1. Let a ≥ b ≥ c be the square roots of the eigenvalues of the Cα gyration tensor of chain B; is it rounded (a/c under 1.5), or, if not, prolate (a/b larger than b/c) or oblate?
2. Do me a favour and compute the ellipsoid semi-axes for the stretch A:6-59 from its Cα gyration tensor, root of five times each eigenvalue, largest one first, whole Å.
3. B:LEU105 to A:THR42: FRET efficiency via 1/(1 + (r/R0)^6), r the Cβ-Cβ distance, R0 41 Å, to the nearest 0.05?
4. Take the Cα atoms of the stretch A:70-201, build their convex hull, and give its volume per residue in Å³.
5. Apply the Karplus curve 6.51 cos²θ - 1.76 cosθ + 1.60, θ = phi - 60°, to the phi angles in the stretch B:162-168 and return the couplings in whole Hz, x for Gly and Pro.
6. Could you give the dipole magnitude of the protein assembly as shown about its Cα centre, charging the beta-carbon of Lys and Arg +1 and that of Asp and Glu -1, in debye to the nearest 20?
7. If each of A:HIS234 and B:ALA73 carries a label point 7 Å out from its Cα toward its Cβ, how far apart are those two points in nm?
8. Percent of alpha carbon pairs in chain A separated by more than 30 Å?
Amino acid sequence: MTARRLPSRKVRVLALRYVGAVALTLLFLFPIYWLFMISFKTPDEIYHVPPLWVPGQIQFSNYYVLFKDHDVAAIGNSLVVAGVSSVIAVILGTLCAYSLARFGTGGENLAMWILSQRMIPPIAVVFPVFLAYVYFGLVDGFFGLILLYTAFNLPYVIWMMRGYIVDVPLELEESALVDGCNRWEVIWKVVFPMVRPGLVATSVFAFVFAWNDFIFALVLTRTEVVTFPVQLTHYFGGQSNFWAKIAAMSVLGTLPIFAAVTVMQRYLVRGISLGAVKG
Amino acid sequence: MTSPAIYDGNERGRDGRIGRMLEDRLPYLVVAPAILILLLVGVFPLIYSLIVSFQRITMTDNDTSFVGLLNYAELFRDGRLWAALGHTAMITIIALPLELLIGFLMAQLFIDRMPGRQFFVALLVLPTVISPIVAGATWRLMFDVRFGPIGQILSFFAGEPVRILWTVNPSYVYPGIIICEVWQWSPFMFLLLLAALSNVDQSQLEAAELDGASYARVLRAIILPAIAPVIAVASLIRGLDLVRIFDIIWALTEGGPGSMTETISLYTYVQGFTQFETSYTAAIAFLVIALLTAVTTLVLKRMEIAR
């Protein structure tokens, strides 16, 4: 092989890789495209045989119906439940993580116990929680769901934030202590600013987990605080009557997640691997 | 895992007695609220349901007398339960390696730098972050025999009309579920494996290339050992998720036809929330926890040995 032909081979390989990348992306995004597209179709276009791959025009009547029928209340409920619970989980979890990281509170056992709480299958927890919630009248209320999602996200937040805090150089805290800060000030003025990116990323992922949850919400809601995934299943009826609503609701419930994750791209690998892989 | 740094504890607070007390107890004060919530929502219900699992509570009968291991003995006679465990195991055993393999191949395509790589990666991870119930709903629309594109595409390639009832036909329900599952989670594997592959020692790879080693040999001798820990962690995370699979199946088949695609999570749900077999459901929940704990411990042990 001569030196002159080498670049052309490189270019060919690169071109092939682009072809592969584009094909792969189209393949994986096609279902999402299909979902979004249905949400813009008219009923005639949705129930057209053979299926149409492009809607005649972009029109929003399917979304309008969601607003008119107050179905979007489910999105509002999800925002409140996921938002409040992830904020509480991040505040309490980060404080707890600080103690685990810096004082070794409870040793490795406590840390592992907290992680193991994450591993318990939801179906095994949800039934006893349901019994307790019935007893205390917490079913179908904001408080019950927020409490549950807070508990559900705490192990994740603690585990992740422990990793981020361990990465903060100890010397920074020590010099702040020498300068006369007390421990609370050290947490607030030194540690928090240092872990802020990790803190934001962890909050976003905790929000996404609560937002996407189906099984807890299915069991613990009835009519008042129905969240968006549960609302979505109300449109499955064996009949194909509710396709427009399924698609439009899915898009409404998915767009915020896409936006959040795209912004958090840099932290995605660490966030979804429970800190095991630092991308 | 980094070992936690420990303070020697001889620093002093300076805000008077209460301030000092708050500061001395800080390690415990800040842990307490989180642990309290975990105990309240995670542990207390488990203890309560452990007690319930030794009683005989059903929808019609609030019989709180203790019956010993009756409910647990019942587990062994419950054919539908073992079928559900079998379905769960089957989905896991098929989907997990598929996701790993597809994720690895995707990562291979993007391992060398190319302009716009970040853009492709950002798009490819989107399936992984959507709600599984939305993923299931999407594929339900895709699979629809009259208005969905899958049948249309298959018909195009087959040259004759292909009409497959993906969510009803016993021969196709599992392929349908697994297609949806693999579509959603291969990008998860892709993302983690891409990160792992990027960290493989480049100088070793270059040395191997100079020696004229074949790709298969480089893969076995250098790449796989280097990314093995990430493969293990990713498989563990995904494996635990697959064993509790619920949402996608709920959206696609609701466990049907009959109870053909009923997994252990669906079966537990049916027993607890449509049959109201309270005590028996509690026993099932503990069987699931025991099995999962056993598998997780085994996997973690093997990972330790492999290291």
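Every number in this text was worked out from the coordinates using simple rules, so none of it is lab data. As the structure is a computational prediction, the values presented were derived from the model and not from experiment. Because the Cβ atoms are built from the backbone with ideal geometry, glycine has one as well, and the counts that use them run over all protein chains shown.
1. Working: a/c = 2.01, a/b = 1.05, b/c = 1.92.
It comes out oblate by the Cα gyration axes.
2. Working: eigenvalues 273, 16, 16 Å².
Output for the stretch A:6-59: semi-axes of 37, 9, 9 Å.
3. Values: r = 40 Å, r/R0 = 0.96.
Efficiency, from the Cβ-Cβ distance: 0.55.
4. Working: hull volume 17.8 nm³, N = 132.
Roughly 135 Å³ of hull volume per residue.
5. Each residue's phi maps through the Karplus curve to give 10, 10, 10, 8, 4, 9, 10 Hz.
6. Working: 39 positive and 38 negative charges, 286 e Å.
That gives a dipole near 1380 debye.
7. Between A:HIS234 and B:ALA73, the simple spin-label model gives 4.6 nm.
8. Numbers: 18680 of 38781 pairs.
Of the Cα pairs, 48 percent sit more than 30 Å apart.
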